[in-house]
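Take a look at the structure set out below.
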Amino acid sequence: MRLTRRGIAALVGAVLGYGLGELAGYPLLRVLAGVTAGAVLAAVFVTRARPKAEVSRSVHPERIERSRPALATLAVRNESERRHSGFAAQDCVGSDVREVQVRALAPGAAATYHYELPTSVRGRLEVGPLVLRRSDPFGFARADRTLGAAACLWVHPRLNPMRPAASGHPRHHHDGPITDPPLRGSADLLAVREYMLGDEVRHLHWKASARTGRLMVRDYADPAQPRLTAVLDTRLGAMRPEVFEEAVEVVASLLYASAMAGQHCRLLTSSGLETPVGSGIPTARLLLDELCLVAQDDGDSLLLPAARLAGARPGGALVVVTGPEADLGAALRWRPDTVVRLGVREPGVRAGSIDAVDAVDAAAKWNARGKG
């Protein structure tokens, strides 16, 4: 419990008023000072008892596309044997504050409140912590009680309907090009990684385990598995901020469609982000979470770091999403299958290139090209 600024001012005014009343001999001032001081003391007594109701807050859904509705639900229950007076519940939502006035509850009663969360901006939104506040009618004092930890709302980029990427350059094994179609039961060694619960014990790599002191397993992939690598240009000079948001939507839509179609997908950015290769719902969620946080940077002027370009070209389809006049530079050595340029004044479709105004236009041209 603490006095507010108004309560402190009222208490100081009461002391000064009483003193002035004594010096000047005005009984009315002394009475007013006494009433004010009594009101402040009553406020302290009222707010001394902090809210004891059972309060919980949940966010639904935890992941949502940009501009789609998301709600926070506040559940309040009075499990005591006495009537619970009302209070205010304040929730920090990013830089904003949502306040809910909780009404008085009878013993054993419950109430549910909903408030909308902002989803107009892509990103990771912190919701909370929740603060229960009780104050007096005059606003002289208040008592706060912080409840629980902050929740998280992932605002994903908007997804436009896009067909999965078609197979691009064939993958190569370390011994040469893979067979097409590959031999039945063949597998390509993708990586050696630390053992995780549920991995095949027969894939344990004993030499690597002995060297590292941790259980390591071989990670295999089907050589004929379709693959997609999407490169997002995050250079600040490549495109305007509003065009960059459209580019993020194109990459998100393409990766989501391809991952859900069973393709092994990976995201690369100019800032050095490189996601693991995978497919299915877990990979789609990981990619969308990463695209929640991706932002433009004013670092290296290269589309991809030189160290990354020194390696072999990723197998499968390779799509680059960039601005209208951005220079791909050395990245052209990887021979992208498709270069999608956003923010173009005169959009069109050329061999190996899609020029579009925004994400919706790019998705339409991508799908139309696939039909052709």
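The values are calculated or read from the model by the stated rules, or taken from the named source; none is laboratory data. Note that this is a predicted model, so its numbers are computed, not measured. Every residue, glycine among them, receives a Cβ derived from its backbone with ideal geometry; neighbour counts consider all protein chains shown. Heavy atoms of the whole protein, side chains included, go into the accessibility calculation; ligands, DNA and RNA do not. Shrake-Rupley method; radii C 1.70, N 1.55, O 1.52, S 1.80 Å.
Here is a yes/no grid of residues against (1) in contact with a His (Cβ under 6 Å, 6 or more places away or on another chain); (2) in a helix (DSSP H, G or I); (3) closer than 26 Å to SER271 by Cα; (4) at pLDDT 90 or above:
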site: GLU325; (1), (2), (3), (4): no, no, yes, no
site: ALA330; (1), (2), (3), (4): no, yes, yes, no
site: ARG341; (1), (2), (3), (4): no, no, yes, yes
site: VAL360; (1), (2), (3), (4): no, yes, yes, yes
site: ARG369; (1), (2), (3), (4): no, yes, no, no
**Report entry** Flag if GLY25 is open to solvent by less than 40 Å² (accessible area, probe 1.4 Å) and farther than 30 Å from GLU245 by Cβ
**Finding:** no
Report task. Working carefully through the options LEU291, LEU318, find the one that is within 25 Å of the chain's Cα centre (by Cα) and touching a residue at least 40 places away in the same chain (Cβ under 8 Å). Result -> LEU291
Query - Top-ranked residue of region 52-79 - restricted to ones that are in a loop (DSSP other than H, G, I, E, B) and surrounded by 13 or more Cβ atoms within 10 Å (Cβ to Cβ), ranked as modelled with the lowest pLDDT - result: LYS52
Query raised in the report: Given the residues THR275, THR269, THR283, which is the only one that is polar (S, T, N, Q), surrounded by fewer than 20 Cβ atoms within 10 Å (Cβ to Cβ) and under 18 Å from the mean Cα position of the chain (by Cα)?
Result: THR275
Query raised in the report: Which residues, taken from region 118-150, are open to solvent by 20 Å² or more (accessible area, probe 1.4 Å) and modelled with pLDDT of 90 or more?
Result: PRO118, SER120, VAL121, ARG122, ARG124, LEU125, GLU126
**Report entry** Filter result (without any contact (Cβ under 8 Å) to a residue 24 or more places away in the chain and either open to solvent by less than 40 Å² (accessible area, probe 1.4 Å) or in a helix (DSSP H, G or I) (or both)) within region 294-315
**Finding:** ALA307, GLY311
Query raised in the report: Taking region 66-122 on its own, how many of its residues are touching a helix residue (DSSP H, G or I) at 6+ places or on another chain (Cβ under 7 Å) and farther than 30 Å from LEU159 by Cα?
Result: 0
Report summary line: Flagged in region 206-242 as closer than 30 Å to SER301 by Cα, of a type in the set (Lys, Arg) and modelled with pLDDT of 90 or more, in numbering order, are ARG235, ARG240
